[in-house]
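Before any comments, here is the structure.
Every number in this text was worked out from the coordinates using simple rules, so none of it is lab data. Worth saying up front: this structure is predicted, and the values here are computed from it rather than measured. Heads up, the Cβs are rebuilt from the backbone with ideal geometry, glycines too, and the neighbour counts pull from every protein chain shown.
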Amino acid sequence: MADPDLTRNAVDVLPAGELERKLATGRPLRVKLGIDVTAPHVHVGHAIPLQRMAAFQRAGHVAVLIIGDYTTRIGDPSGRSSERPILSDEEIDANAKTYLEQAAQIVDTSPERLEVRMNGEWLGKLDFAEVVRLTRTITVARLLERDDFQKRYEAKTPISVSELLYPFMQAYDSVAIEADVELGGTDQLYNLLAGRDVMQAYGLEPQVALTTPLLIGLDGRKMSASLGNYIGLTDPPEEQFGKTMRISDELLPEYYRLVMESDADTASLDPLEAKLDLARFVVRRSHGEEAARAAEAHFTRVVREGQAPDEVPEADLPPGDPVHLPALIRELFGLSTSDARRLIAQGGVKVNGAPTGDLDLPRAELAGALIQVGKRQFARLGAA
């Protein structure tokens with residue numbers, strides 16, 4: 001039986017019994033995880049398969065982290081209803097440079113436990129004859145079994161040939177590094193199983209496919225860097241803390257189970273305290289205990305108590321007397337004048353902590369004043 005830590009939170013471990021058979025050989029397994037560099041950030045959803053990779057490392061196996069610099073140029077169609085926009089070479093190269101540093105928060109980066117590979121190493125060297133050989137390993141009918149391809153085909157939504165090639169490219173990564181296990185989210189199951197077929201066609205022992213759940217993001221959709229609904233592993237501490245506190249109470253059990261890997265019964269916990277514990281964990285893992293304490297103090301002061309943060313940006317006091325407050329808010333916070341008027345009428349603008357309903361204020365009253373718009377936007381005006 002496999003160590004339960006290796007398969008914690010796993011949705012699929014296929015074929016059944018194959019992981020146990022590979023583990024029984026007693027040799028270190030090569031455990032693959034590929035990440036395309038569609039954005040410069042690794043988020044807490046990416047960390048879920050990374051946590052499984054770390055578990056395999058702790059058990060003595062070798063992790064192979066593949067930075068998809070080449071496959072990013074094609075664009076993974078998994079879960080997509082349209083073709084993914086392609087980044088420039090400069091964007092791809094810049095994103096690739098940040099990934100190892102972020103993954104290092106989760107996995108052991110010692111050379112004996114981690115290989116980091118760019119898949120351009122081998123995919124960039126394939127000639128046309130080898131690509132044709134590769135495409136013979138999977139039929140068109142099999143490709144169209146993919147749920148996303150099938151839906152797009154039936155809806156007569158365009159599917160480019162390059163997208164059809166993506167599963168072959170990901171599978172060839174497994175051939176190149178001779179993977180024993182490949183990790184991925186549940187949306188990657190087809191690609192992971194395709195890797196088994198391609199490996200077998202190349203005379204290699206097929207890999208085990210191990211999938212983990214997809215984390216729901218801040219807007220209720222799958223967490224994705226391209227959707228902007230994520231908590232990044234390198235987000236500043238205060239931003240990480242604030243984003244984590246924004247997740248819905250209904251998602252707490254999922255975040256505890258997948259992000260914290262905790263078995264705590266969140267139904268028995270106070271939702272606010274449970275969310276605070278989660279936010280502390282997220283910041284602590286990325287930035288350390290001191291940063292977590294400081295981020296919580298900032299959140300308590302600014303969000304829960306509605307006070308100004310310790311550091312407030314300073315701005316010049318505008319000329320003229322009186323000062324037109326909507327125009328000042330527009331300049332300080334980038335809101336439209338009409339939005340500023342609406343906030344003032346709703347009591348959402350404070351001067352030195354007191355709501356004001358006036359559109360024009362004496363210049364002397366604003367000299368050195370703390371201006372607050374909404375709950376979290378502050379500015380300190382200079383002296384007259």
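For D265, D36, D69, the sequence from fewest to most other C-beta atoms within 10 Å is D265, D69, D36. For I231, nonlocal amide neighbours, meaning residues 5 or more places apart or on other chains whose placed amide H falls under 5 Å from its own, are V44, G45.
3J(HN,Hα) couplings calculated from phi for the stretch 18-26 with the Karplus curve 6.51 cos²θ - 1.76 cosθ + 1.60 (θ = phi - 60°) are, in sequence order, 6, 4, 4, 5, 5, 5, 5, 5, x Hz; Gly and Pro show x.
Once you order the gyration tensor axes a ≥ b ≥ c over the Cα atoms, which shape class does the stretch 90-222 get: rounded for a/c under 1.5, otherwise prolate or oblate by comparing a/b with b/c? It comes out oblate by the Cα gyration axes. Note on the chain: lysine pairs with Cα distance below 24 Å, sequence gap of 8 or more or different chains, count 12.
Model label sites at E20 and E130, defined 7 Å from Cα along the beta-carbon direction, differ in position by 3.8 nm.
Suppose we keep just the DSSP beta bridges with both residues in the chain; what percent of those would be antiparallel, to 5?
On the way: 16 of 38 bridges.
Given both bridge residues lie in the chain, the antiparallel proportion sits at roughly 40 percent.
Loop-resident GluC sites (Glu not before Pro) (DSSP state other than H, G, I, E or B) in the stretch 300-384 with no more than 13 further Cβ atoms inside 10 Å of their Cβ: E305, E311. Of E154, E205, E121, the residue with the greatest mean-square motion in the GNM of the chain, using alpha carbon springs below 10 Å, is E154. Contact order for the stretch 244-384, expressed relative to its length and based on alpha carbon pairs under 8 Å spaced 6+ residues apart, stands at 19 percent.
Residue by residue, the stretch 6-11 carries 3J(HN,Hα) couplings of 5, 10, 4, 6, 5, 8 Hz when phi is fed to the Karplus relation 6.51 cos²θ - 1.76 cosθ + 1.60 (θ = phi - 60°); x denotes Gly or Pro.
Once both labels are positioned 7 Å from their Cα atoms along Cα-to-Cβ, the gap between D265 and L144 label points is 5.1 nm. Full extension of the chain between L204 and D249 yields a length gain of 11.6 nm, computed as 0.36 nm times the residue separation minus the alpha carbon distance. Highest GNM mean-square fluctuation among A345, A201, A295, for the chain modelled with Cα contacts below 10 Å: A345.
Can you classify the chain as rounded, prolate or oblate using the Cα gyration tensor, where a ≥ b ≥ c are the square roots of its eigenvalues, rounded means a/c under 1.5, and otherwise it's prolate if a/b beats b/c and oblate if not? Judged from the Cα gyration tensor, the chain comes out prolate (a/c at least 1.5, a/b above b/c).
Annotation: the residues F333, F56, F128, sorted from fewest to most other C-beta atoms within 10 Å of their own C-beta, follow the order F128, F333, F56. Using a simple spin-label model with pseudo-atoms 7 Å out from Cα toward Cβ, D339 and A354 lie 2.8 nm apart. GNM on the chain, alpha-carbon springs under 10 angstrom: the most fluctuating residue among I66, I344, I177 is I344.
For the stretch 314-381, the gyration tensor built on C-alpha atoms gives a rounded shape. Its axis ratio a/c (a ≥ b ≥ c) stays under 1.5.
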